[in-house]
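Heads up, the thing below is written out as structure tokens.
The values are calculated or read from the model by the stated rules, or taken from the named source; none is laboratory data. Not measured: the values here are computed from a predicted model. Cβ atoms come from the backbone with ideal geometry, glycine included; neighbour counts cover every protein chain shown. Calculation scope for accessible area: heavy atoms of the full protein, side chains included, ligands and nucleic acids excluded. Shrake-Rupley method; radii C 1.70, N 1.55, O 1.52, S 1.80 Å.
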Amino acid sequence: MNRRKKKINVSQIVLAAFLLLLGLICIYPMWYTFIVSFSDKAKVTAGKVLFLPKDLTFTAYEKLLSDGSFFRAFLVSVERCVLGVGLNMVLMALTAYPLAMPAARFPERRVYVWYLMFNMLFSGGTIGWYLNIKYLHLLDSIWALVLPMGLPIYNAVLLMNFFKSVPIDMNESATVDGASPLTILVRIYLPVSLPALATVGLFCFVSHWNSWYDGLVLINKSTLMPLQTLIYQLNVRIDTDNMTSEQLREMAKMSSETLNAAKVIIALAPLMCIYPFLQKYFVSGLTLGAVKE
């Protein structure tokens, strides 16, 4: 058998080189932040840190991790993500399912869709948001970080569009067999929508994990402060009177730039651990059903 050799033309080489360069441009800022967090203060200030850490030091991470409030704030963020993502998934599924029905079965669906879209584009502002939470007596509680983000409308619209790709015949057959709408949602729609659920779940997790402003405004108790808010407020507190000469030399290697870089790396670590497991669902969840209303 004669095998045809694949010819690689110049345009393919140029395209591959361009994509490789584009990938390196996207990756380098994160890599630079990573190596700065492990580099000496003087080397960073002099601009000598480019591709590898210079004078390797772990002082910035030691200062962040030695703070007793760090792990407490980490647990608060984990609790917030568990409660918040769980609530988001339930409310999004209950919202997206009826809005994915044809107009013949749910004539009022367009009214609700426009209502949700209006609320996604316009809000009552920061003052109204704060006063509403205050009058509901949610300040200084974990629910102040969870309930206001209970229904992310954009993600609900994504899930609604995915539900529309499920054949309506399956719904009608289940209805004829006597299944209730909740049963149809749980037994039919959710199992076939794992890519979409993984995608919107990842979006919700990232939103909860990276949120810091609501913790800054709504939480006054240090024991309830989420990790991102703590990292935002955290400054290096140095007690030089009780430090040895070795500790002073280590502190001299750290600057605000290395500390901020360490903050970014620590904050991104959970996301970097979770994303590889959801990547295969992430791509298909964004594409399937995404072109519908």
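Projecting label points 7 angstrom from Cα along Cα→Cβ for residue 273 and residue 213 puts them 2.9 nm apart. A simple count of charges around residue 48, restricted to other residues whose Cβ falls under 11 Å of its Cβ and scoring Lys, Arg +1 and Asp, Glu -1, yields 0.
The residues of region 10-131 expose on average 64 square angstrom of accessible surface per residue, using a 1.4 Å probe on protein heavy atoms. Overall, the anisotropy analysis places region 20-83 in the oblate class: the square-rooted eigenvalues a ≥ b ≥ c of its C-alpha gyration tensor yield a/c not less than 1.5, with a/b not exceeding b/c. The listed residues 111, 76, once ranked by accessible area (1.4 Å probe) with the largest placed first, stand as 111, 76.
With all protein chains present, calculate the accessible area of residue 20 using a 1.4 Å probe and round the result to the nearest 10 Å². Using a 1.4 Å probe on the heavy atoms, I get roughly 110 Å².
3J(HN,Hα) along region 91-105: 5, 5, 5, 5, 7, 6, 4, x, 6, 8, 6, x, 4, 5, 8 Hz, from the Karplus curve 6.51 cos²θ - 1.76 cosθ + 1.60 with θ = phi - 60°, whole Hz, x for Gly and Pro. Applied to region 205-221, the Karplus parametrisation 6.51 cos²θ - 1.76 cosθ + 1.60 on θ = phi - 60° returns per-residue 3J(HN,Hα) values of 4, 4, 4, 5, 5, 8, 6, 10, 5, 5, x, 5, 8, 9, 10, 9, 7 Hz, with x for Gly and Pro.
Annotation for region 129-147 versus region 67-111: alpha-carbon center distance of 17 Å.
Taking a ≥ b ≥ c as the square roots of the eigenvalues of the Cα gyration tensor, an a/c ratio of 1.5 or more together with a/b no larger than b/c marks region 15-122 as oblate.
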